[in-house]
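These notes are about the structure you will find just below.
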Amino acid sequence: MKNVKTSRQEIKNTAGNAMILNPRNYLPILGLALALLVPLIVTNSYYLGLINLVILFGAAGIAWNIVGGYARQVSLGHSIFFGIGAYTTTLLQIKFNISPWIGMFFGGVFAVLIGILMGMSVFRMKGHYFAVFTIAYSYVMMLLFQKFRGLTGGAEGLSVPFNDGSLAMFQFSSKVPYYYIFLLALVLIILLVQRLGKSRIGYYWTAIGQDEQAAMAIGINIAMAKHLALGISAFLTAILGSFYAQYVYFIEPFSMFSTHMSVEIALVAIVGGLGTVMGPVVGAIVVKPIAELTNMFLGNVLPGANYALYGLILIVAIIVIPNGLIVPINRLYQKLINRLERSSDRN
Amino acid sequence: MLLTVNNMHVSYGAIKALQGISISVKGGDCIAIVGGNGAGKTTLLKIISGLLKPSEGSITFNNKNIVGMEPYNVAAEGIAHVPEGRRVFSALSVLDNLIMGSYLPSAKKDRSQSLEYMFSLFPKLEERQHQLAGTLSGGEQQMLAVARGLMLKPKLLMLDEPSSGLAPIIVEQMYEKLAEVHAQSSMTMIVVEQNVPVALSLADRGYVLENGSVMLSGNSNDLLNNPGVKEAYLGF
Amino acid sequence: MSTPILSVKGLSKHFDGLKAVDNLSFDVFKGEILGVIGPNGSGKTTTFNCITGYYKSTAGEVLFDGKSITGRTPDFVAQQGIGRTFQVTRPFGDMTVWENVTTGAFLRTMHLMEAKKIAEQEVEFVGLADKINVVARSLSIIDQRRLEFARALATKPKLLLLDEVMAGLNAQEVDEALKLVHRVSAMGITLVVVEHVMKVITSISNRVLVLNFGAKLTEGKPADVMSTPSVIEAYLGKGFGDYVANC
Amino acid sequence: MNKKLLVILSLVLLVVMLSLTGCGSSDQGKSEDKSSGEKQQGSENKVDEVVVGVLYPTSGNLARLGGAAQDAVKLAAEDINAAGGIKSLGGAKIKLEITDPGSTPESTKSASERLIQTKKVSALTGDYSSSLSMVTSEIAERAKIPFVTASISDKLSSRGFKYFFQVSPKGSMFGETQVRFAKESLVDDMGVQPKAAIIFEDTTYGSSTAEGLKKTAEELGFDIVLNEPYQAGFTDATPLINKIKGSGATILFPVSYLTDAILIQKTTKLMGVDIITVGGGAGYLMPEFRDALGADADGVVSVASWNKDVNKPGIEDVATRYKEKYGEFLTEHSGEAYAATWVIAHGIEKAASTDPTAIRDAIAELIVEDGMAGGIMPGGNIEFDETGWNKNVHPVIIQWQDGEPKTIYPAQDATSEFRK
Amino acid sequence: MAEIVPQIIVSGLLIGGVYALVSVGLSLLFGVVDIVNFAHGEFLMLGMYTTYWIWVFSGVDPLITLIISIPVMFLTGALLMKYLFKRVIDASPLTQIFLTVGLQILLQNVALMAFSANYRTIQVVYNEIVWNIGGVTIQISRLIAFFIAILLSIILWLFLTRTDMGKAMKASQLDRETAKLMGINTDKIFMIAAGISAAITGAAGTAISTFFYVFPTVGVSFGLMAYITVILGGLGNLKGAFVGGLLIGVAEAFGVQYVGADSGLLLAFIIFIVLLTIKPQGLFSKGVA
């Protein structure tokens, strides 16, 4: 889908049509402008909080997508990177009073190191093997973080020090600053992934995801490309993990390194659309609120009804839209662009 | 007619694999279907046996329309399809492979007789009946695949490239056996081959496929002497 | 035709006791077109896979441009300048023709625009220009072959291994394909062509290598090879030999 | 997409963001003031109902006790309303807004915020799991909503929060009580220095209890031969019991949830390990513990934060009605949940307002004396120190006697004798 | 400390037997149908509830409830195959994983809705009996569970190797298309395979119900063990799954004793990672392509 679009777009661009008047250019900017206004419209901080999580998981989904969507390595262990980011940042903050803004880069680097370690063993596996192996890794991580309580705080978890309204320490009592920070992160990640997608490595990832044998034949170093994918994905996921810790205030190994967390990250990418830049965003917009809505309306009816419905929706979604929501949305978007283009051509 | 395929069309996505093929096979006939790679030979067999669904066309077998039937139901109707590349169940023993050939109730009741016949036809298989099929040589595997197909006691036996990957001497043996089966039981057969001369030497009639259509058809000798066939497939 | 660009020395590949390639040695000379024929299962594709690093050979050595590439990974081999196509086409299905070939072109350039330009030329060269933005999955088999050809050419190989690229083409298409092969050869790329169709081999090869049971049966000029009795026997079968004799 | 343009735009975004964050907190402060001002105006000493948010997990791993605690809160609300509601607000009724916080910090955060932001709650109670309470308390503190919990972790009250109240004993006290009881009632009779084994589940509850255990045991001269966390929810206790057996311990302090508690108890017996066990709460006093062990449950001793027969007026009435209504006896977490709900009710009564801050101030000053409804926590009156902890509370020791958990220690709370 | 080694091995083997049976069930479904069912642990849970409720209402020995629970679970598995798994047979692993994760969430919470979160136990006399052989204590109920696991595994093995249908299952696993050409109704075979997978896993649940508890999320830890085990043994390799199950049980017991009480699983998992890093296709995979 994406690919057809880009090449067609390229043709247009070479034809000297890269103007702000081109709907391809002004529509995303319009969207971004609208996004900037969201906190003015959504004043209830619960709903804004929900939107913040949507953005955060949308971004995490994009990061996951580098490995899972482009290179097609089904990782169910991304909670490892998320957790490493969250823990590194929080521990640096608690023990050395290092600002999360700095700490998160340490988290990113640790995550990359863990990713390289994992990559050494997992990249020889495919499909189910790879998935289960990453699950095993996340359990090992969870158990290690529980075991070495002196360092990690163990199962009791860590509380992010409460620091009212400090930009330097990444703490705000309002949801609005979080919103803009998360949105900025999302935009930067979108730009990065889009750029990667149009670079050599992006082409290589997609190629590997399609056919490794053929990819090797044109000189692609599979292991290197996959490591790079996992490394970048791990780094970004860890950064988002440290945001997550700052945002949720409290982290503990059981939920941070859980398969549930990995599944949630991967799920937004799958529901949205694999190997697409905007798919995970669409996925997060759908998945996160569904979990909230089922809880809101059924959480008090009968214990379990909320999650049962959630599971059911998941099953139906996977069967009905196996290629992700982005496909029909993209189609509509294309239609919109074509219509706008036609009207501007007439002028 | 035992089998009539009429105006068969099939596409994989945008690719048209078959474009209006019609063939007919009388009971007791042996016909050869020849042509290059991608001509549509294998597709045709797969359509007959139900592995593929055609976009258009009809197949009548034994006065019954079998288009759209599941392959296992087509097998129960009496069509055995020995697929390309042997496809023996590698991790099952030779004997179990043959037993799988007689899985259907109609074949199961005569299983011991059929087994006896197979072992007399292919003594090698009896010797190796407890060996895993995957450990057989290519030729033996092909024998097993044919024997397994015969275990179904079919009315129609379809063989897809039985000579593929085999040394000439083995191909010859294989075709001798096929000729023997054909002569003894006057079993109806369709042989798909790239090895044109061998196939036509066995068959009474032949069809030459190209790009999903029948280019030529006629009795085997006429085809062998056809200059077009000679040039395209025999290398002269 | 002086220096060998590729030397295969004593190459063997065994699968669970089956000798798919057995002590095979041959040279490919710079600029030539070497045809490789042999019955199904005679080890043609296995040889390809050993040279290009897809299989680890059991024994033997492969020299490319005087440098050993024995046991190296496929991507390394490709980087050295050996391109290949597959017997069963392997396009990157969800990518367009242009993107497929661009991916190949990235082996020689880092820049997207440059890679795209190279790709565009190669796509045009193989005659797929009108389908440049079509998703590879929906191409016909023949166009997928063209695509693979273009993708391999985009890596700027010195040596190109073509595995049955003519299979399934009709007479007219074969002619077109042959022209294409000649044009590639004229560009100075050395070619090894595995084919089933005898006519193709005889009409394009400078030399022919005949394999049987994983070993070299004979090699030489096409006409000489074609008249060797052992070749007729092995490749065409005795039955066919008889048939020819009877004619 | 035009890359350059987007880069420029995101830079603009960055500037906008920074300027907004600069004044973000003050903005927020203003809106907070406004909303609470409105609320106060609206209250005017006469309202129909006061909304209390209830967060007990009813799904996932914590569902069992969460559900039971939620029932107790419902019962408390009924009792409060039946007794005339909040009299200082003209008989306003307590309205519960119940939601399931799930079992992760994230879902708890969402649920807490949902209650605060969309239901306009005046106070919050719930969670029972300390991990989840860590989250809710953070949210409540930021939103300035009083949160009354029965979670036990020491960490909870150590953060200097203003809106946090903990009615239950602290985790570290459990271990202390376990060891003291063992010393006074068991060890002194043995005549030898006991070798103690401490095993605890690797959770917040387990490790905070174990800390107290270790400290007190060392103080009282126990020889600690084994002190290890174990993975909660095991399928087989044999390896663990093997280890205990190998350590040569004569007294065992296990801190375990239900399934592990049962397996430890059963396996110890089956393997014929001769060891005195003083259980560490939670799992040891659930109805299922008795159901699973049958007659073997009798005589088992455990620490508890609360028990249904603690020597407090009115406790029997509550316990009886709970059992009638929900079919099982009132367990420790549920009893505390009941008490916590009443603390909120008394706080609202005292504040005579639905304003969260006013209620918070009232609860901070509150004393729930014996005899007042809901004053059923062991120890003296319910009153909170400056950290928000109920300073008079302490754990008790229970023993299963004839299929019922009976309080046997300390003497002031006990209603039954320890059977050796 | 060496004198407790036999005890560790025996304890590990006994629980490992149950892991093995659960793993064999998972492996069967994967082997024949090529689906990794992340809701596999929930089969165990459903089997346990079936046994529990029959026991509550009839009072018969839990082992007798197998007569009912096996067919019930078989039907459950077969219907899931027909209406759910079949839709994703040819889909990517990703789709399969998320479908079955959805199923897992659904089943757990339906159980929660239907049966509440209470922990349920079954009382049987033999749960109280232990044997002490040379210092090694063996709990009879665990021994029985172990033997049920062995027995069912043997029956399954006999079924797969000695009956036409069992061989047809193997044939469908090896080559679905060719199996169809032999007249084998692979759709039916797949339903039966899913049925057996659910039934033996449910039976594992019954076997442990005499000494374990039923609650809605009981299947999670067993399910996790099964995925690890099955990968360890080589996906779809029943023998590997069985031996892998025993191995994980023993590794866990050793981990608790010698690494730390919280490190049984840790050791098992680390062993798993190390072994698979060395041999990515699983311990018992053959080199057959």
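The values are calculated or read from the model by the stated rules, or taken from the named source; none is laboratory data. Note that this is a predicted model, so its numbers are computed, not measured. Reconstructed Cβ throughout: ideal geometry from the backbone, glycine too, with neighbour counts over all protein chains shown. All accessible areas refer to the heavy atoms of the entire protein, side chains included, with ligands and DNA or RNA removed. Shrake-Rupley method; radii C 1.70, N 1.55, O 1.52, S 1.80 Å.
A few comments on the model shown:
- Residue check for A:Met256: in contact (Cβ under 8 Å) with a residue 24 or more places away in the chain and over 28 Å from D:Glu201 (Cα atoms): no
- Matching residues, segment D:165-199, being away from chain A (no Cβ under 14 Å), in contact with a Ser or Thr (Cβ under 8 Å, 6 or more places away or on another chain), open to solvent by 40 Å² or more (accessible area, probe 1.4 Å) and not hydrophobic (A, V, I, L, M, F, W, C): D:Glu176, D:Arg180, D:Lys195
- Among the residues of segment B:48-85, the ones that are part of a helix (DSSP H, G or I) and either in contact with an Asp or Glu (Cβ under 7 Å, 6 or more places away or on another chain) or not charged (D, E, K, R) (or both) come to 8 in all.
- Annotation: E:Ala91 fulfils all but one of (1) small (Gly, Ala, Ser); (2) surrounded by 21 or more Cβ atoms within 10 Å (Cβ to Cβ); (3) facing another protein chain (nearest Cβ under 7 Å); the unmet one is (2).
- Condition check for A:Ala185: surrounded by fewer than 23 Cβ atoms within 10 Å (Cβ to Cβ) and outside any helix (DSSP H, G or I): no
- Among the numbered conditions (1) more than 20 Å from D:Leu132 (Cβ to Cβ); (2) charged (D, E, K, R); (3) without any contact (Cβ under 8 Å) to a residue 24 or more places away in the chain; (4) open to solvent by 40 Å² or more (accessible area, probe 1.4 Å), the only one that D:Arg159 does not meet is (1).
- Of all the criteria given as (1) surrounded by 23 or more Cβ atoms within 10 Å (Cβ to Cβ); (2) among the aliphatic types (A, V, I, L, M); (3) modelled with pLDDT of 90 or more; (4) closer than 20 Å to E:Ile154 by Cβ, the one not satisfied by E:Leu13 is (1).
- Test: D:Glu365 is over 22 Å from D:Tyr257 (Cβ atoms), outside the structural domain of D:Gly281 (by TED's automatic domain parsing), in contact (Cβ under 8 Å) with a residue 12 or more places away in the chain and surrounded by fewer than 18 Cβ atoms within 10 Å (Cβ to Cβ): yes
- For the condition surrounded by 19 or more Cβ atoms within 10 Å (Cβ to Cβ), on the phi < 0 side of the Ramachandran plot and β-branched (Val, Ile, Thr), A:Val109 does not qualify.
- Pairs with Cβ under 7 Å, 6+ apart, first in segment D:323-335 and part of a helix (DSSP H, G or I), second charged (D, E, K, R): D:Tyr326/D:Asp71; D:Ser334/D:Asp71; D:Gly335/D:Lys308
- Residues of segment E:159-209 that are polar (S, T, N, Q), surrounded by fewer than 21 Cβ atoms within 10 Å (Cβ to Cβ) and more than 9 Å from chain B (Cβ to nearest Cβ): E:Thr163 alone.
- Residues located in segment E:229-280, provided they are on the phi > 0 side of the Ramachandran plot and crowded, with 21+ Cβ neighbours inside 10 Å: E:Gly234, E:Gly236
- Test: residue in segment A:327-341 that is crowded, with 24+ Cβ neighbours inside 10 Å and without any contact (Cβ under 8 Å) to a residue 60 or more places away in the chain: no
- Residues satisfying the stated conditions in segment D:84-121, i.e. farther than 22 Å from D:Gly335 by Cα and part of a loop (DSSP other than H, G, I, E, B): D:Gly90, D:Gly91, D:Thr104, D:Lys119, D:Lys120, D:Val121
- When E:Ile270 is tested against (1) more than 14 Å from chain B (Cβ to nearest Cβ); (2) in contact with a Leu (Cβ under 8 Å, 6 or more places away or on another chain); (3) not in a loop (DSSP other than H, G, I, E, B), just one condition goes unmet, and that condition is (2).
- Segment A:121-134, subset open to solvent by 10 Å² or more (accessible area, probe 1.4 Å) and part of a helix (DSSP H, G or I), residue farthest from E:Asp90 (Cα to Cα): A:Tyr129
- Pairing each residue of segment B:134-147 that is within 14 Å of chain E (Cβ to nearest Cβ) with any residue that is of a type in the set (D, E, K, R) and open to solvent by 30 Å² or more (accessible area, probe 1.4 Å), provided the two are 6+ apart or on different chains, yields C-beta distances under 8 Å for B:Thr135/C:Asp16; B:Leu136/B:Arg128; B:Gln141/B:Arg86; B:Gln142/B:Arg86; B:Leu144/B:Arg86; B:Ala145/B:Arg86; B:Ala145/B:Arg87; B:Val146/B:Lys177.
- Scanning segment A:256-288 for residues that are small (Gly, Ala, Ser), crowded, with 24+ Cβ neighbours inside 10 Å and facing chain D (nearest Cβ under 10 Å) returns no hits.
- Subset of segment D:200-227 that is at pLDDT 90 or above and within 14 Å of chain A (Cβ to nearest Cβ) - its residue that is farthest from A:Gly154 (Cα to Cα): D:Lys214
- All of (1) of a type outside the set (Ser, Thr, Tyr); (2) open to solvent by 10 Å² or more (accessible area, probe 1.4 Å); (3) within 14 Å of chain C (Cβ to nearest Cβ) hold for B:Ala39 with one exception: (2).
- Residues satisfying the stated conditions in segment A:135-173, i.e. open to solvent by 10 Å² or more (accessible area, probe 1.4 Å), at the interface with another protein chain (Cβ under 9 Å from one of its Cβ atoms) and at positive phi: A:Gly165
- Strands (runs of 3 or more DSSP E) contained entirely in segment C:8-107, each with at least 1 residues that are within 14 Å of chain B (Cβ to nearest Cβ), in contact with a Ser or Thr (Cβ under 7 Å, 6 or more places away or on another chain) and more than 23 Å from A:Gly209 (Cα to Cα): C:18-29, C:33-37
- Test: residue in segment B:46-60 that is within 16 Å of E:Gly183 (Cα to Cα) and open to solvent by 50 Å² or more (accessible area, probe 1.4 Å): yes
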